[in-house]
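The values are calculated or read from the model by the stated rules, or taken from the named source; none is laboratory data. Here the structure is a predicted model, which is why all the values come from computation and not from measurement. Cβ placement follows ideal geometry from the backbone for every residue including glycine, while neighbour counts extend to all protein chains displayed.
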Amino acid sequence: MYFLWSLLLLLLEVVGALAVGYLAYIAPLVFVGLTSALVLVMGFTLEWQRLQHEFPYFFAGALSWRKRLMIVLSAMFETVGKALMAGFAALLAFGGTDPDRAIVFAVLLVVCVFAGTGLLRRAYWSFGARPLRWGYFRLVVPLGILFSALVQVALVGGYLETSLFQEMALSFVFELPVRANYEQVMELIFQVRQLVDGLLTSLIVQLIGSEWLVPASILISLNVLSGFFVAIYAVIVGEVLLRIESKVVEKGA
C-alpha cells in the first residue's frame, strides 16, 4: 500500500512540475506576475522570522521597538527586492516570441522544479529540514546553477540557437523597432538577455581562455537568476507533497 502511495506522490510531483512549466509556456506574463506575487505573500513572513533570530545574534540587548521596526522594514525591503528579482528573471527566461525556444525553457523549468522538490523531500526525511524555510533560503543558488547548466546542455545539443556577440549587437541596434508592439517587446527583452550573456561570454574567453568557457558560462550567466523563480515553485510543490506524505506515514504508523 505504501508503494502505491509513493507512486501516487511521485505522479503528483511530476504533475505539479508540469503545471508550472505549462503556465510559463502559455502565459508568460501571468507567470511573471504570479511569481512576484507568491514571493511577496510567502517571503515577508519567512524574512521576518529569519530576522527575528538574526538580530539577537548580531546586536546585543533586548528587542526594542526600534529594532522591531528595523526588522519589519528589512523584511519588507528584502521581500520586495526578491519579488522583483524573481519576476525579472522569469521575464528574461520566458520573454520572446519563438514557440520552440519557449518549449525548451518550459521543459528546463519542469526538470528544475522536479529536482528541487525531490531535494526538499530528501532533506526533510534525512535531516528534518523544514521545506518552506530551507527551500526558500537555500534552493535559489543550486537551482539557478542547474537551470543555467541545462541551458548550456540545450545549446550544445542544438535545441537552442545562439549567436556571436557581434551579431547580436548589430541585430539589437539595427532591427530595433521605433514603436514596438507586445510581441516585439517580449522578443526585445529576450534579445537583451542574449546580448548580456554574449558580452559575458566574450569577456570570459578574453580573460581565462576558451577551455574554461562552458563552466564559466554556467556560473556567470543571467540564467543563474532563474533560481529565484524556480525555487519558489519547488518550495510550494514540495511543501504540499510533504504534508500529504507526512499524513500518509502517520496513518501507516
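Brief remarks follow.
- Complete set of residues in region 92-106 that are within 21 Å of V224 (Cα to Cα) and modelled with pLDDT under 85: G95, G96
- Here Y2 clears all of (1) within 27 Å of R122 (Cβ to Cβ); (2) hydroxyl-bearing (S, T, Y); (3) at pLDDT 95 or above except the condition numbered (3).
- Unmet requirement for L23, which otherwise passes all of (1) buried (at least 21 other Cβ atoms within 10 Å of the Cβ); (2) over 17 Å from L139 (Cβ atoms): (1)
- Meets criteria (over 19 Å from the mean Cα position of the chain (by Cα) and of a type outside the set (G, A, S)) for I208: yes
- Boolean, E47 is without any contact (Cβ under 8 Å) to a residue 40 or more places away in the chain, of a type in the set (D, E, K, R), surrounded by 12 or more Cβ atoms within 10 Å (Cβ to Cβ) and closer than 17 Å to G135 by Cβ: yes
- Output for region 91-110, where each listed residue is within 14 Å of L143 (Cβ to Cβ) and without any contact (Cβ under 8 Å) to a residue 60 or more places away in the chain: L108
- Residue within region 62-80 that is touching a residue at least 40 places away in the same chain (Cβ under 8 Å), at negative phi, among the small types (G, A, S) and touching an Asp or Glu at 6+ places or on another chain (Cβ under 9 Å) present: no
Every residue, every condition in (1) surrounded by 13 or more Cβ atoms within 10 Å (Cβ to Cβ); (2) modelled with pLDDT under 75; (3) assigned to a helix (DSSP H, G or I), yes or no:
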{"residue": "Y159", "(1), (2), (3)": "yes, no, no"}
{"residue": "S171", "(1), (2), (3)": "yes, yes, yes"}
{"residue": "R179", "(1), (2), (3)": "no, yes, no"}
{"residue": "L200", "(1), (2), (3)": "yes, no, yes"}
{"residue": "L203", "(1), (2), (3)": "yes, no, yes"}
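- Qualifying residues in region 61-71 (those that are in contact with a Phe, Trp or Tyr (Cβ under 7 Å, 6 or more places away or on another chain) and assigned to a helix (DSSP H, G or I)) - the one nearest to Q49 (Cα to Cα): I71
- Condition broken by M85, with the remaining ones in (1) farther than 26 Å from A149 by Cβ; (2) buried (at least 16 other Cβ atoms within 10 Å of the Cβ); (3) modelled with pLDDT of 95 or more satisfied: (1)
- If only residues of region 97-146 that are polar (S, T, N, Q) and in a helix (DSSP H, G or I) are counted, the one that is farthest from R243 (Cα to Cα) is S126.
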